[in-house]
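Colleague: First the structure, then my questions, so here it is.
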Amino acid sequence: MKIAVLSGKGGTGKTFVSVNLACAAESAAQSNLNSVYVDCDVEEPNGNLFLKPTNIKKSGVNVTVPVVDNTKCTGCRKCSDFCKYNALAYVKDRLLIFNEVCHSCGGCIIFCPQKALKERQREIGVIEEGISGKTTVFSGNLNTGEVSGVPIIKELLPKLPDNGSVIIDCPPGSACTVMESIRQVDYCLLVAEPTLFGVHNLSMVYELFKLLKKPFGVVLNKCLADEENPSEQFCKENRITIIEKIPYDKEIGRLNSQGLVAVRENGTYKELFERILDKLVKESLQ
Amino acid sequence: MKIVIPAETKNKDIPVCPSFGRTPYFALYDTENGKYEFLDNTATASQGGAGIKAAQLLVDNEAKVLITYRCGENAADVLNAAKIKILKAQDGTVQENIAKYNEGKLAGLTEIHPGFHNHGGNQS
Ligand code: SF4
Ligand code: SF4
């Protein structure tokens, strides 16, 4: 079962929920099923701060970009006219190539009548694979300054096993990287805060899911017992499944600030997250 | 010599357009004859790299000076390669900025902002 964990913006506890769900699946992992955590938040992968994986194997992620042979280029501009992303400019008898803007479509290379353009591999980030307890940990890292993390996610997803429990920690927001991350998942879990701002985010992502027709539910994070919860109201009004309410308490704050996984430290949280996982399995089978 | 300024409409008496890559027009002022011409900015509809394309348009029209509020890194690379000077616009109309230029009162644009691309998306 593949579960994507999402949030409208950063800071709602998306990584907290993802990491703990993955670790809650470890007890099931004893029966030879996999427990896998995947960090697709490639601009800021934080899961490793909690999981601290060991035996890390790294591999680079490359994209193909054009290089120009200036001795062959005649300045006809067929390439730059073709490029929809404006990655090419022709200035003072030279072709300028903006690698960060290039989408690796390869069109310019085919179009150049002088065969002045060739392919070159350029590394935009790395993928790490390691192990934490019984959980296999994948993490995508986009190099700073790079624009799109999509190629990294495209390379991560095929590495995931089909059986067992796979938790995908998605990038925040609703950008292309999110679309890519949830493509093959069985269920989407949204983490929402109990604030008006949280509702705003929730409604944005909710609109997206309605269109995508993916099964989804919400966990309400940072809930205080006797306070109003606008996110909860929003869910009820729109008949969105509330999977669970995670209470906010000092203990969670302490464990988080020390980079510890709540499920591994505390029996109550272990039960809580195992319960969430159970519900997710049932929901995704519906 | 030609000076360009991003302009919201084809009019020299309106304020300088705050955007560079996605400005609807560029006012092109010719110091030789004191005349204005207006270029359609073909980059406005671009999926990405609008700044690069807009800069290419200025290069192709042989501009020597750009007066603007903002300019992205990539666009600045194109403009620098073509030795087009980038000056910071001041509050006021297109024409007033030309006047300030003539008085030597415009400084170089120092903040070149990193690319602003609509994907990859950290929205926090
Ligand atoms: S490969 Fe495609 S996106 Fe990249 S520069 Fe060439 S035409 Fe543009
Ligand atoms: S299409 Fe080829 S020859 Fe023409 S400008 Fe581009 S690189 Fe140069």
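Colleague: Would you work out which of A:THR177, A:LEU117, A:ALA225 lies farthest towards the positive end of the dipole of the protein assembly as shown, given +1 charges on the beta-carbon of Lys and Arg and -1 on that of Asp and Glu, about the Cα centre?
Modeller: With unit charges placed on the Cβ atoms, the residue in question is A:LEU117.
Colleague: Within 10 Å, count the other beta carbons around each residue, average over each peptide in A:55-65, A:215-225, and list them highest first.
Modeller: Top to bottom by mean Cβ count within 10 Å: A:215-225, A:55-65.
Colleague: Classify the stretch A:70-115 as rounded, prolate or oblate, taking a ≥ b ≥ c as the square roots of the eigenvalues of its Cα gyration tensor: rounded when a/c is under 1.5, otherwise prolate if a/b is larger than b/c and oblate if not.
Modeller: It comes out oblate by the Cα gyration axes.
Colleague: For the charge dipole of the stretch A:142-282, defined by +1 on Lys and Arg C-beta atoms and -1 on Asp and Glu C-beta atoms about the Cα centroid, which residue among A:PHE234, A:TYR187, A:VAL263 has the Cα displaced farthest towards the positive pole?
Modeller: Value: A:TYR187.
Colleague: Determine the sum of side-chain charges near A:ILE240: Lys and Arg each +1, Asp and Glu each -1, restricted to other residues whose C-beta is under 11 angstrom from that of A:ILE240.
Modeller: +1
Colleague: Counting only other residues whose beta carbon sits under 9 Å from that of A:THR64, what net charge do I get with K and R as +1, D and E as -1?
Modeller: +1
Colleague: Separate question: Return the long-range amide H neighbours of B:LEU87 (sequence gap of 5 or more, or a different chain), with a cut-off of under 5 Å between placed amide H atoms.
Modeller: Result for B:LEU87 returns B:LEU66, B:ILE67, B:THR68, B:LEU109.
Colleague: Tell me the total accessible area that A and B bury against each other, 1.4 angstrom probe, in square angstrom rounded to 100. Intermediate results must be reported in sequence, preceding the final value.
Modeller: Details: alone 14440 and 7000 Å², together 19490 Å².
Protein heavy atoms only, the A-B interface buries about 1900 Å².
Colleague: Next question. About its Cα centre, what dipole magnitude does the stretch A:155-243 give when the only charges are +1 on Lys and Arg Cβ and -1 on Asp and Glu Cβ, stated in debye to the nearest 20?
Modeller: Values: 8 positive and 12 negative charges, 72 e Å.
It comes to approximately 340 debye.
Colleague: Here's something else I'd like to know. What share of the DSSP beta bridges in chain A is antiparallel, in percent to the nearest 5?
Modeller: Expressed as a percentage, antiparallel bridges in chain A total about 50.
Colleague: Calculate one ³J(HN,Hα) per residue across the stretch B:3-8 by plugging θ = phi - 60° into the Karplus curve 6.51 cos²θ - 1.76 cosθ + 1.60, and present them in order as whole Hz with x for glycine and proline.
Modeller: 10, 10, 9, x, 9, 5
Colleague: I've got another one for you. How many Cβ atoms of partner chains, on average, are near each residue of B:71-79 if near means within 10 Å of its Cβ?
Modeller: Details: counts 0, 0, 3, 7, 3, 0, 4, 6, 2.
Whole-number average of other-chain Cβ neighbours for B:71-79 is 3.
Colleague: Let me cross-check A:LEU96: its accessible surface, 1.4 Å probe, with only protein heavy atoms counted, in Å² to the nearest 10?
Modeller: Number for this one is 40 Å².
Colleague: While we're on this one: Considering only DSSP beta bridges where both residues belong to chain B, give the percentage that are antiparallel (nearest 5). Working shown, then result.
Modeller: Numbers: 15 of 23 bridges.
If I count the DSSP bridges inside chain B, around 65 percent turn out antiparallel.
Colleague: Another question, then. So how exposed is A:ARG183, as accessible area in Å² (1.4 Å probe, rounded to 10)?
Modeller: Accessible area of A:ARG183: about 140 Å².
Colleague: Next up: In the stretch A:133-159, what residues drop by 40 Å² or more in accessible surface going from the chain by itself to the full protein assembly, probe 1.4 Å?
Modeller: Residues shielded by partner chains are A:VAL147.
Colleague: I'd like to know which of A:LEU49, A:SER35, A:CYS76 lies farthest towards the positive end of the charge dipole of the stretch A:24-76, counting +1 on Cβ of Lys and Arg and -1 on Cβ of Asp and Glu.
Modeller: Checking the options against the dipole of the stretch A:24-76, the answer is A:CYS76.
Colleague: Answer rounded, prolate or oblate for the stretch A:163-286, using the Cα gyration tensor with square roots of eigenvalues a ≥ b ≥ c: rounded when a/c is under 1.5, else prolate when a/b is larger than b/c, else oblate.
Modeller: oblate
Colleague: Taking Cα pairs under 8 Å and at least six residues apart, what relative contact order does the stretch A:2-113 come out at, in percent?
Modeller: 18
Colleague: Also, I was wondering about something else. Can you pull out the GluC sites (Glu not before Pro) in the stretch A:210-270 whose DSSP state is coil and whose Cβ has at most 11 other Cβ atoms within 10 Å?
Modeller: Counting only loop positions with at most 11 other Cβ atoms within 10 Å, the GluC sites (Glu not before Pro) in the stretch A:210-270 are A:GLU227, A:GLU228.
Colleague: Express the relative contact order of chain B as a whole percentage, based on alpha carbon pairs under 8 Å and six or more residues apart in sequence.
Modeller: Relative contact order of chain B: 25 percent.
Colleague: Once amide H atoms are placed 1.01 Å from N in the peptide plane, what residues at a sequence separation of 5 or more from A:TYR187, or on another chain, have their amide H within under 5 Å of its amide H?
Modeller: Long-range HN contacts for A:TYR187: A:LYS2, A:ALA4.
Colleague: Through the Karplus equation 6.51 cos²θ - 1.76 cosθ + 1.60, θ set to phi - 60°, convert the phi angles of the stretch A:201-213 into ³J(HN,Hα) values in whole Hz; use x for Gly and Pro.
Modeller: Running phi through 6.51 cos²θ - 1.76 cosθ + 1.60 with θ = phi - 60° gives 4, 4, 5, 5, 5, 4, 4, 4, 5, 4, 6, 7, 6 Hz.
Colleague: Shifting gears a bit: Dipole size in debye (nearest 20) for the protein assembly as shown around its Cα centre, Lys and Arg Cβ +1, Asp and Glu Cβ -1?
Modeller: 1000
Colleague: I would also like to ask the following. In the structure displayed, which of A:LYS213/A:LYS270; A:LYS58/A:LYS134; A:LYS84/B:LYS83; A:LYS9/A:LYS57; A:LYS78/A:LYS154; A:LYS72/B:LYS83 lie more than 28 Å apart, Cα to Cα?
Modeller: Distance filter (> 28 Å) returns A:LYS213/A:LYS270; A:LYS9/A:LYS57; A:LYS78/A:LYS154.
Colleague: Amide H to amide H under 5 Å from A:LYS9: which residues, 5+ apart in sequence or cross-chain, H placed 1.01 Å off N in plane?
Modeller: A:GLY173
Colleague: Given axes a ≥ b ≥ c from the Cα gyration tensor, I'd like to know whether the stretch B:1-82 is rounded (a/c under 1.5), prolate (a/b larger than b/c) or oblate. Can you show the working numbers first?
Modeller: Working: a/c = 1.83, a/b = 1.28, b/c = 1.43.
Oblate, because a/c is 1.5 or more while a/b does not exceed b/c.
Colleague: Highest mean first, what order results for A:113-122, A:255-264, B:93-102 on Cβ atoms within 10 Å?
Modeller: In descending order of packing, they fall as B:93-102, A:255-264, A:113-122.
Colleague: In whole angstrom, how far apart do the alpha carbon centroids of the stretch B:49-64 and the stretch A:28-94 sit?
Modeller: About 27 Å separates the Cα centre of the stretch B:49-64 from the one of the stretch A:28-94.
Colleague: Moving on. So what is the 222 nm mean residue ellipticity for chain B from helices alone, if each DSSP H run of at least 4 adds -39500 (n - 2.57) and you divide by all residues, rounding to the nearest 500 deg cm²/dmol?
Modeller: -7000 deg cm²/dmol
Colleague: Go through the stretch A:157-167 residue by residue and turn each phi into a ³J(HN,Hα) via Karplus (6.51, -1.76, 1.60, θ = phi - 60°); whole Hz please, and just put x for glycine and proline.
Modeller: For the stretch A:157-167, the Karplus-derived couplings read 4, x, 7, 7, x, 8, 9, x, 10, 10, 9 Hz, x marking Gly and Pro.
Colleague: Also, quick follow-up: Using the Cα centre as the reference, give the magnitude of the dipole from point charges on the C-beta atoms of the stretch B:2-113 (Lys, Arg: +1; Asp, Glu: -1; all else neutral), rounded to the nearest 20 debye.
Modeller: The dipole of the stretch B:2-113 has a size of about 100 debye.
Colleague: How many angstrom lie between the C-alpha centres of the stretch A:109-144 and the stretch A:172-208?
Modeller: Taking the Cα centre of the stretch A:172-208 as reference, the centre of the stretch A:109-144 is 26 Å away.
Colleague: Please report the net charge: other residues with Cβ closer than 14 Å to the Cβ of B:GLY104, K and R +1, D and E -1. Don't jump to the answer; show the numbers that get you there.
Modeller: Values: positive: B:LYS85, B:LYS88, B:LYS100, B:LYS105; negative: B:GLU103.
Its environment carries a net charge of +3.
Colleague: Rounded to a whole number, what % of the accessible area of the protein assembly as shown do carbon and sulfur atoms account for, probe 1.4 Å?
Modeller: Looking at the protein assembly as shown in its full context, I get 50 percent from C and S.
Colleague: Same structure, new question: Run the numbers on the stretch A:81-178 and let me know its relative contact order in percent, using alpha-carbon pairs under 8 Å that are six or more apart. Each step should come with its number before you reach the end.
Modeller: Numbers: 82 pairs, mean separation 15.6, N = 98.
That works out to 16 percent.
The values are calculated or read from the model by the stated rules, or taken from the named source; none is laboratory data. Small disclaimer: the values here were computed from a predicted structure and weren't measured. Note: ideal-geometry Cβ built from the backbone for every residue, glycine included; neighbour counts use all protein chains shown. Surface accessibility is based on the protein's heavy atoms, side chains included, excluding ligands, DNA and RNA. Shrake-Rupley method; radii C 1.70, N 1.55, O 1.52, S 1.80 Å.
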